[in-house]
1. Let me know the charge dipole size of region 257-298 about its Cα centre in debye, to the nearest 20, where only the beta-carbon of Lys, Arg (+1) and Asp, Glu (-1) is charged.
2. Can you work out ³J(HN,Hα) from phi for every residue in region 373-380, in order, using Karplus 6.51 cos²θ - 1.76 cosθ + 1.60 and θ = phi - 60°, giving whole Hz and x for Gly and Pro?
3. For the chain, find the longest principal axis of its Cα atoms and tell me its angle to the long axis of helix 195-206, 0 to 90°, nearest 10.
4. What's the extension gain from Thr119 to Val392 if we count 0.36 nm per residue and subtract their Cα-Cα distance?
5. Say each of Arg326 and Glu89 gets a label point 7 Å from the Cα, pointing the same way as Cα to Cβ; how far apart are those two points in nm?
6. How far apart, in nm, are the 7 Å Cα→Cβ label points at Arg105 and Asp278?
7. Could you list, in their original order, any pairs among Lys247/Lys346; Lys182/Lys247; Lys204/Lys293 whose Cα atoms are separated by more than 21 Å?
8. I need the peptides 377-385, 214-222, 412-420, 96-104 ranked by packing, meaning the mean over residues of other C-beta atoms within 10 angstrom, with the highest value on top.
Amino acid sequence: MASTVSFSPSNVQMFQGRSCHGHSAFGSCFAVPRAGPRLRSTAVRVSSEQEAAAAVRAPSGRTIEECEADAVAGKFPAPPPLVRPKAPEGTPEIRPLDMTKRPRRNRKSPALRAAFQETSISPANFVLPLFIHEGEDDAPIGAMPGCYRLGWRHGLLDEVYKARDVGVNSFVLFPKVPDALKTPTGDEAYNDNGLVPRTIRLLKDKFPDIVIYTDVALDPYSSDGHDGIVREDGVIMNDETVYQLCKQAVSQARAGADVVSPSDMMDGRVGALRAALDAEGFHDVSIMSYTAKYSSSFYGPFREALDSNPRFGDKKTYQMNPANYREALIETAADEAEGADILLVKPGLPYLDIIRLLRDNSALPIAAYQVSGEYSMIKAGGALGMIDEQKVMMESLMCLRRAGADVILTYFARQAAGVLCGMGSK
């Protein structure tokens, strides 16, 4: 028998003033008429549990009670036959190996593989490098298919908008500086009205919630193409360069940079930058140090993008030797002691062992830079049909995460985020 509950004017008065989910009066959540002479009582039928149970029947038309009675009596329906997949003809008949542990058991279905996956990746892990220049139009970079020098007032904003649309909210800026502004001491690096500070202010005005990383080094501004000031005998001057870098970092922070990233590999620059930033009141501006930046051949396409090749010599006196492993621990200890907030390894995929070394020896966040050469190799292999570009792209990024990288600087950021969002290679 169904029960009946009646609401009368007195019932309504009883509920008035009570809260719904801790908020205001009952009437604020439900439209309950106020008590009055014209209010009629309303009946609400509430089905009993017994009636509900009786209404549920098996596909055969039998009730739950009838099915339960059969189960109690031992009358079970016949299960479907167990069919074992056949092996191909010629497969030897053997006695199974005597193994208690078979790791493949945890890989036998997509659901199990997903449940036990140890490493994950999302657009939040990506930092998108952006090349900018003074021009109005976007200029394609021949050695980096799909990448452009972006006009800082138009193309840049469009690229950031598209990246945000797939969940990428972190960006690092690299300027192509006119040759006429380059000098041996790189003074344009700390021009408050220079290309990078102007771009930072524009981005923060249009997208105030994004994270902007900047590059702190003199090579884009140097007429010599080196990361530091070059003495007449070819020696890169360390302390004098650090002095210039401090002015550059403060200028970037003044424009609104969230993270300054010294990529120069001068000794002592992290501590000097921290002191300079703090002295100007920028205590909340982070430092991502290029802790283990190797003198690598994988940087070629990047230097074409910025026209920043050294005018002479190489960078081996300040960037690390690719043959060295333990040396990364020296750089890690120094950067931690000097106040770095993030430690970066560059390049990425060829240096997975260094990423893991830093991860195992520091509690700080670890960044990896999947550099231009890595990007262009995957693009070229995909274009030639030698590899599946999308699958290799995603695998390479997952490997960087597995090695221990918390964030990845990658030119694939927007494309990979589109895949993760189910939108394909946007």
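The values are calculated or read from the model by the stated rules, or taken from the named source; none is laboratory data. Bear in mind the structure is a predicted one, so any value in this text is a computation, not a measurement. No Cβ is skipped: glycine too gets one built from the backbone with ideal geometry, and neighbour counts run over all protein chains shown. Side chains are part of the model used for accessible areas, which takes the heavy atoms of the whole protein and leaves out ligands, DNA and RNA. Shrake-Rupley method; radii C 1.70, N 1.55, O 1.52, S 1.80 Å.
1. 200 debye
2. For region 373-380, the Karplus curve yields x, 4, 4, 5, 5, 5, 4, 5 Hz.
3. Its long axis makes an angle of about 20 degrees.
4. Extra length available between Thr119 and Val392 comes to 96.6 nm.
5. 6.3 nm
6. Label-label distance for Arg105 and Asp278, simple model: 5.5 nm.
7. Working: Lys247/Lys346 24 Å; Lys182/Lys247 16 Å; Lys204/Lys293 29 Å.
Pairs exceeding 21 Å: Lys247/Lys346; Lys204/Lys293.
8. Highest mean packing first, the order is 214-222, 412-420, 377-385, 96-104.
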